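These notes concern the structure reproduced below.
The values are calculated or read from the model by the stated rules, or taken from the named source; none is laboratory data. In this text the structure is predicted, and so the values were computed from the model without any measurement. All Cβ positions, even for glycine, are placed from backbone atoms using ideal geometry, and neighbour counts span all protein chains on display. With ligands, DNA and RNA removed, areas are computed over all heavy atoms of the protein, side chains included. Shrake-Rupley method; radii C 1.70, N 1.55, O 1.52, S 1.80 Å.
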Amino acid sequence: QVRLVESGGGSVQAGGSLRLSCAASGFRFSSNCMGWFRQAPGKEREAVATIYDGGLVTDYAASVKGRFTISQDNVKNTMYLQMTSLKPEDTALYYCAAKAFGCSLEYRSYIYWGQGTQVTVSS
């Protein structure tokens, strides 16, 4: 059974950093595309970053390039999102997700989702 569990969220001041983790079970990272998505209240869910091909291929939303880094540990079967220089507009519920074929920034193409971890950035 596929299971994704996020952790690492919290409240920080603008300019601070957080590291999110997504522990996966029920499938191998090497065979799937993984992604981080976020959703603020009243707004559409949006892609933050994706990782594929054993961690060799990554993609980022323009709003987080240069500030966020997605990575994965294939031994621990865990994905990470290192967030630096956080801004108030980064405030959202962050989800990790997985899909079986290829990689995409479209959230509706992802099959498996975690419950989310809240990130709140104050100014």
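Think of a 1.4 Å ball rolled over the protein heavy atoms: the chain then has 52 Å² of accessible area per residue. Here the 3J(HN,Hα) profile of the stretch 16-26, calculated from phi with Karplus coefficients 6.51, -1.76 and 1.60 at θ = phi - 60°, is x, 10, 8, 10, 8, 10, 9, 8, 10, 9, x Hz, Gly and Pro shown as x. Toward the positive end of the charge dipole of the stretch 22-109, with +1 on the Cβ of Lys and Arg and -1 on the Cβ of Asp and Glu, the farthest Cα among 23, 49, 34 is that of 23. Annotation: amide H of residue 114 within the under-5 Å range of 96, sequence separation 5 or more or interchain, hydrogens built in the peptide plane.
Please state the charge dipole magnitude for the chain, taken about the Cα centre, from unit charges on C-beta atoms (+1 on K and R, -1 on D and E), reported in debye and rounded to the nearest 20.
Numbers: 12 positive and 9 negative charges, 26 e Å.
The calculation lands at about 120 debye.
May I ask for the longest run of the chain untouched by trypsin sites (Lys or Arg not before Pro) that are loop-located per DSSP and have at most 11 neighbouring C-beta atoms (other than their own) within 10 Å? Within the chain, the longest run free of exposed trypsin sites (Lys or Arg not before Pro) spans 66-123. How large, in percent, is the carbon and sulfur part of the accessible surface of the chain at a probe radius of 1.4 Å? On the chain, the fraction of accessible area on carbon and sulfur atoms equals 48 percent.
The Cβ shell under 11 Å around residue 50 holds other residues with a net charge of -2, Lys and Arg each +1, Asp and Glu each -1. For residue 68, what accessible surface area do you get with a 1.4 Å probe? Give it in Å², rounded to 10. Result for residue 68: roughly 10 Å² accessible. The label point for residue 67 and the one for residue 111, both projected 7 Å from the Cα toward the Cβ, are 3.3 nm apart. Taking θ as phi - 60° and the Karplus parameters 6.51, -1.76 and 1.60, the scalar couplings of the stretch 106-123 work out to 7, 5, 6, 8, 8, 9, 10, 9, x, 7, x, 9, 7, 10, 10, 10, 9, 9 Hz in sequence order, x denoting glycine and proline.
Within the chain, what is the number of lysine pairs with alpha carbons under 24 Å apart, leaving out pairs fewer than eight places apart on the same chain? Before the final figure, lay out the partial values.
Numbers: 43/65; 43/87; 43/99; 65/87; 65/99; 76/99.
Summing the qualifying lysine pairs gives 6.
Using modelled amide H (1.01 Å from N, peptide plane; none on Pro or chain starts), what sits under 5 Å from the amide H of residue 87, excluding residues fewer than 5 places away? Amide H neighbours of residue 87, under 5 Å, 5+ apart: 15.
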